[in-house]
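> Dropping a structure here in structure tokens format, bear with me for questions.
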Amino acid sequence: MTHAHVEVAGLTIEGPAGVVVAPFDFAIGRGETLALIGESGSGKTLSAKAIAGLLPSGFSARGSIALTTATIELPATDAIWRATRGRRISLLLQDPFTSLSPVHRCGTQIAMTIDAASDRRLSRSECADLVTQRLAEVNLPSDVARAYPHELSGGMRQRVAIAAALATDPELLIADEPTTALDASNQGEILDLLRRLQQARGMAALLISHDLGMVRGRAEHVLVMRHGEIVERGDTSSVLTAPSHPYTRALIEADPSLTDRSAAVERAASDASMLNDLVVATHVTKSFGDKAVLHGVSVAVGRGETVGIVGESGSGKTTIARCIAGLERESSGEIVFDGVVLAPGRASRTPKQMQIVFQDPYSSLNPMISVGRSLKLALRVAGRPASDLNSLLRLVELPVEFAVKRPAELSGGQRQRVAIARALAVQPQLLICDESVSALDVSVQKQILDLLAKLRVDLGLSILFISHDLAVVRQLADRVYVLRNGEVVESGDCHDVLNAPTHPYTQTLVAASIHEAPTH
Amino acid sequence: MLVVRVLGTIGILLVLSIIVFSMLHLAPGDIVKNLLGNRPSSPDAVAAIRAQYHLDQPLYMQYLIWLGNTLTGDFGQSIRLQDSVANVIGARLGITAALSGLSFLIALVVAIPLGVMSAVRSGSWIDRFATGFGIVGLSAPTFAVGLLLLYVFAFYVPIFPVYGAGDGGLDTLWHLVLPAITLALGLGAIILKLTRTAMLRELESDYVTFGRARGLPDRQVHLIALRNAAIPIVTGASLVLTFLVGGTVLAETTFALPGLGTLLQGSVLFKDIAVVQALTLLVAVTIATIALLADLAYIFLDPRIRAREGSQ
């Protein structure tokens with residue numbers, strides 16, 4: 001190999017409505033990583049798919065991809081892609097929960113790739129040995145080969161996917177948001193594993209991410225993409241420390257791991273009158289069948305206070321929120337709202353007591369009816385006149401013209417604003433946000449967090465904020481509870497807990513979140 | 001789990017037998033007249049027949065007598081054919097089973113590959129052909145298709161026999177080809193649609209993209225998708241098997257096959273209660289068994305369900 005690297009020139013992607021990604025070039029050296037940063041809709045995933053020859057129908061790419069063993073002129077025929085994919089270029093997808101076939105054993109899925117890349121037929125035992133070897137590379141024991149994906153954690157699944165993607169020894173690995181679907185403590189590990197494998201093999205890697213903070217120390221160069229155009233490129237450290245384009249600066253500023261609580265929240269916290277508690281949940285337990293999810297969790301939210309509940313998936317954070325909202329029936333324990341004991345279930349609660357905003361604004365709004373109708377329905381529940389619609393839209397900083405739009409015409413952030421408006425239509429005392437910003441891009445996340453901060457001041461709202469993301473909770477919450485395996489392992493003032501965690505679990509969580517973030 | 005299923009099935013059978021029994025009594029017509037036919041009826045003869053078949057008893061007693069006999073394994077006598085119900089059904093079961101089996105086989109063998117191909121090459125001529133075929137298959141009435149096939153393949157181009165069940169063995173199989181194709185058309189159209197839809201959805205999924213992204217050959221990627229699509233296809237296929245029950249009546253009538261379908265038709269017209277009851281229950285038991293097999297198939301096909309069932 002003379003100069004083992006990848007050179008992409010004049011990559012352009014056209015969609016049904018014209019050019020989606022404007023021509024751009026890049027080169028990746030042997031054993032190096034290039035990070036492509038952008039928000040959703042920026043064209044970064046389309047670029048990844050174009051280089052892997054997997055563009056959705058209706059899209060076409062132009063340009064050329066020069067590898068050490070071949071040069072591919074785009075658009076290329078299926079035959080060329082068949083010879084390229086896997087052996088030369090492999091693409092690792094975002095979500096390990098869906099990228100592996102649920103009905104095939106992990107070993108089989110890795111073996112298929114080995115088989116596809118091999119020039120001769122391998123015997124069963126040879127194949128099994130190779131699978132074990134590939135699993136060992138990603139630090140997994142050999143018995144994982146016999147497991148089905150659903151028997152593994154998200155982090156383990158992504159390791160299996162990495163083993164499968166690398167089983168062909170490609171020259172270029174494209175990793176499309178490989179850790180976005182994972183818990184915080186897994187993200188760093190997976191990225192470091194990818195980095196180590198890539199350097200050990202002298203492979204080139206294209207790491208696609210929406211998170212600038214995550215690529216520090218994990219990529220030599222950075223490209224920042226916005227609306228299908230490259231707005232900034234350079235060394236990772238210089239881009240992070242001295243961004244030249246305003247958009248890159250905005251991305252860095254919006255990165256929650258970089259900034260502490262925003263000014264609006266600071267103000268709100270000082271104004272909050274935490275004289276008495278609005279909701280007190282005491283020793284709440286909950287089991288689904290034999291599986292205990294909550295082992296006596298106690299949580300309190302004061303009037304006007306914002307309380308964060310942090311934990312990884314499976315920690316029970318959503319279950320306790322759903323118990324408080326009456327969407328789940330607690331097995332034992334007591335939930336007191338405004339001095340009154342609430343019986344389990346929804347029947348004992350009124351809409352005016354509390355409302356919930358869910359994670360996914362795409363599925364929580366009825367796609368068939370306009371925003372205005374959705375909100376009018378909510379107003380009617382509260383006995384408010386339909387004429388309050390405009391003030392409700394203004395409350396969440398949406399133009400009044402949005403009333404006639406349908407959810408499909410709105411962006412993720414706008415939909416989440418509508419979902420918040422709908423929850424606020426009944427003027428609840430408590431707003432429960434269950435991962436309400438997790439599905440959003442960082443810059444949109446920040447806008448929604450600022451909106452929530454403003455609303456709690458303007459309306460005197462109490463907020464119970466559930467998130468797996470420490471950085472997000474840090475921005476908004478006054479107090480925080482850290483949940484693990486259905487138990488509160490640590491609680492207290494948000495600032496204190498996150499800056500000086502005492503429980504080892506909180507320490508690893510905080511360490512994991514700082515690990516991805518640039519330290520300054 | 002299994003015990004609950006069996007108890008539920010028994011409950012359904014009981015309710016079903018009561019409903020069928022009452023409906024036959026509500027329907028117009030008189031068994032005695034049917035039996036006597038054109039012969040002159042004397043009051044004595046009528047009374048004798050009524051006593052012989054317990055028709056002089058109150059309705060609920062008639063039902064209870066039937067139920068008691070059935071539970072002891074005696075399905076009664078066919079009034080119309082003057083033979084035991086077990087014999088009557090036993091003599092015709094083979095032809096219907098062979099017809100259903102053959103048509104189901106034809107439907108599967110044609111519809112699943114066609115469905116897979118039309119999903120893989122969605123929008124191509126083969127997809128358009130399959131979609132058109134599906135629409136025709138779904139909307140064409142069984143008897144019309146049967147008559148058309150008879151005209152074409154037994155009359156104009158006399159390759160296949162026109163009617164009857166043949167002399168057993170290969171000859172019977174030969175006689176069953178046209179009726180089986182007739183039935184398979186409607187059945188296959190549904191399975192084709194199901195396969196196409198399930199495959200299209202699976203082909204959109206991440207694991208298919210990831211499979212292609214790491215260089216798996218197309219054939220293997222399609223097999224992975226088909227293995228995942230197998231779960232909805234099996235559900236659908238087991239549901240449409242019940243479609244065969246109604247279908248056999250029409251196909252057997254069109255092709256004059258002495259099977260259970262023609263037996264059911266004749267018995268209903270004649271108000272031959274014992275035969276109708278036994279046939280209805282047989283159909284119900286068959287459907288319940290198919291449903292149970294389909295559930296067992298999920299456990300086999302989906303490791304996630306296997307894990308859940310295992311942990312209970």
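> Can you name every residue in the stretch A:99-116 that is assigned to a loop (DSSP other than H, G, I, E, B) and facing another protein chain (nearest Cβ under 7 Å)?
Listed by number, the residues that qualify are A:S99, A:L100, A:S101, A:P102, A:V103, A:H104.
> Ok, one more. Among the candidates A:V480, A:V472, single out the residue that is assigned to a strand (DSSP E or B) and touching a residue at least 12 places away in the same chain (Cβ under 8 Å).
A:V480
> If you take the residues of the stretch A:177-201 that are buried (at least 24 other Cβ atoms within 10 Å of the Cβ) and under 13 Å from the mean Cα position of the chain (by Cα), which of them is farthest from A:E137 (Cα to Cα)?
This residue is A:L182.
Conditions tested, residue by residue: (1) more than 29 Å from the chain's Cα centre (by Cα); (2) over 30 Å from B:D83 (Cβ atoms); (3) surrounded by 20 or more Cβ atoms within 10 Å (Cβ to Cβ).
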residue: B:L239; (1), (2), (3): no, yes, no
residue: B:T242; (1), (2), (3): no, no, no
residue: B:G247; (1), (2), (3): no, no, yes
residue: B:T262; (1), (2), (3): no, no, yes
residue: B:D272; (1), (2), (3): no, no, yes
residue: B:A288; (1), (2), (3): no, no, no
residue: B:L293; (1), (2), (3): no, yes, no
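> Pick from the stretch A:139-168 the residues that are within 11 Å of chain B (Cβ to nearest Cβ) and in a loop (DSSP other than H, G, I, E, B): which of them is nearest to A:C127 (Cα to Cα)?
Looking at the filtered set, the residue picked out is A:A167.
> Still on this model: When you go through B:T253, B:T197 one by one, which is the residue that is over 30 Å from A:P149 (Cβ atoms), among the polar types (S, T, N, Q) and surrounded by fewer than 20 Cβ atoms within 10 Å (Cβ to Cβ)?
Numbers: B:T197 fails: over 30 Å from A:P149 (Cβ atoms).
Step by step, each of B:T253, B:T197 is checked, and only B:T253 is over 30 Å from A:P149 (Cβ atoms), among the polar types (S, T, N, Q) and surrounded by fewer than 20 Cβ atoms within 10 Å (Cβ to Cβ).
> Just to check your reading of the model, which residue among A:R85, A:R146, A:R105, A:R134 is at pLDDT 85 or above and touching a strand residue (DSSP E or B) at 6+ places or on another chain (Cβ under 9 Å)?
None of the others qualify; the one that does is A:R85.
> Taking the stretch A:215-239, which residues are in a strand (DSSP E or B), without any contact (Cβ under 8 Å) to a residue 60 or more places away in the chain and of a type in the set (A, V, I, L, M, F, W, C)?
Scanning the stretch A:215-239 gives a single hit, A:V231.
> Kindly list the number of the only condition in (1) at pLDDT 85 or above; (2) within 20 Å of the chain's Cα centre (by Cα) that fails for B:T142.
Failing condition for B:T142: (1).
> Continuing with this model, one more query. Can you find even one residue in the stretch A:413-432 that is part of a loop (DSSP other than H, G, I, E, B) and over 30 Å from A:N276 (Cα atoms)?
Taking every residue of the stretch A:413-432 in turn, none turns out to be part of a loop (DSSP other than H, G, I, E, B) and over 30 Å from A:N276 (Cα atoms).
> Just a yes or no: is a residue in the stretch B:201-215 in contact (Cβ under 8 Å) with a residue 60 or more places away in the chain, away from chain A (no Cβ under 14 Å) and either within 30 Å of A:A165 (Cα to Cα) or of a type in the set (D, E) (or both)? Please lay out each step first, then the result.
If we filter the stretch B:201-215 for residues that are in contact (Cβ under 8 Å) with a residue 60 or more places away in the chain, which is where we start, we get B:203.
Then drop every residue that is not away from chain A (no Cβ under 14 Å), which leaves none.
No, because not a single residue in the stretch B:201-215 is in contact (Cβ under 8 Å) with a residue 60 or more places away in the chain, away from chain A (no Cβ under 14 Å) and either within 30 Å of A:A165 (Cα to Cα) or of a type in the set (D, E) (or both).
> Look at A:H221 and say whether it is surrounded by fewer than 21 Cβ atoms within 10 Å (Cβ to Cβ) and modelled with pLDDT of 90 or more.
The answer is yes for A:H221.
> If you take the residues of the stretch A:117-136 that are assigned to a helix (DSSP H, G or I) and among the small types (G, A, S), which of them is nearest to the other protein chains (Cβ to nearest Cβ)?
Filtering first and then ranking leaves A:A117.
> Looking for whichever is modelled with pLDDT of 85 or more, in contact with a helix residue (DSSP H, G or I) (Cβ under 8 Å, 6 or more places away or on another chain) and farther than 23 Å from A:P102 by Cβ here; the options are B:S267, B:S205. Which one fits? Lay out the reasoning, then the answer.
On the way: B:S205 fails: farther than 23 Å from A:P102 by Cβ.
Exactly one of B:S267, B:S205 is modelled with pLDDT of 85 or more, in contact with a helix residue (DSSP H, G or I) (Cβ under 8 Å, 6 or more places away or on another chain) and farther than 23 Å from A:P102 by Cβ, namely B:S267.
> Is it true that some residue in the stretch A:87-95 is under 30 Å from B:R304 (Cα atoms), within 14 Å of another protein chain (Cβ to nearest Cβ) and in contact with a Lys or Arg (Cβ under 8 Å, 6 or more places away or on another chain)?
Scanning the stretch A:87-95, I find at least one residue that is under 30 Å from B:R304 (Cα atoms), within 14 Å of another protein chain (Cβ to nearest Cβ) and in contact with a Lys or Arg (Cβ under 8 Å, 6 or more places away or on another chain), so the answer is yes.
> In addition: Being at pLDDT 90 or above and under 29 Å from A:V299 (Cα atoms) narrows it down to one of A:V381, A:V437, A:V426, A:V418, so name that one.
Selected residue: A:V418, the only one of A:V381, A:V437, A:V426, A:V418 that is at pLDDT 90 or above and under 29 Å from A:V299 (Cα atoms).
> In addition: What tally of residues in the stretch A:64-78 results from selecting those that are more than 14 Å from chain B (Cβ to nearest Cβ) and free of Cβ contacts under 8 Å to residues at least 12 places away in the same chain?
Residues meeting the conditions: 2.
> Separate question: Return only the number of the condition from (1) under 27 Å from A:A453 (Cβ atoms); (2) under 30 Å from the mean Cα position of the chain (by Cα); (3) buried (at least 19 other Cβ atoms within 10 Å of the Cβ) that A:L389 does not satisfy.
In the conditions (1) under 27 Å from A:A453 (Cβ atoms); (2) under 30 Å from the mean Cα position of the chain (by Cα); (3) buried (at least 19 other Cβ atoms within 10 Å of the Cβ), A:L389 misses (2) alone.
> Between residues in the stretch A:114-125 that are over 9 Å from A:T168 (Cα atoms) and residues that are of a type in the set (D, E, K, R) and not in a loop (DSSP other than H, G, I, E, B), which pairs lie under 7 Å by C-beta distance while being six or more apart or on different chains?
A:L122/A:D115
> I'm told A:T45 meets every condition in (1) at pLDDT below 90; (2) within 14 Å of chain B (Cβ to nearest Cβ); (3) in a loop (DSSP other than H, G, I, E, B); (4) on the phi < 0 side of the Ramachandran plot except one. Can you identify the failing condition by its number?
It fails just one condition, (3).
> Can you spot a residue in the stretch B:95-105 that is under 30 Å from B:N228 (Cα atoms), among the aromatic types (F, W, Y) and in a helix (DSSP H, G or I)?
yes
> OK, next. Run A:W81 past the list (1) of a type outside the set (S, T, N, Q); (2) within 12 Å of another protein chain (Cβ to nearest Cβ); (3) touching a Leu at 6+ places or on another chain (Cβ under 7 Å) and report the number of the one that doesn't hold.
(3)
The values are calculated or read from the model by the stated rules, or taken from the named source; none is laboratory data. Model, not experiment: these values are computed from the prediction. Don't worry about glycine lacking a Cβ; one is built from the backbone with ideal geometry, like all the others, and counts go over all protein chains shown.
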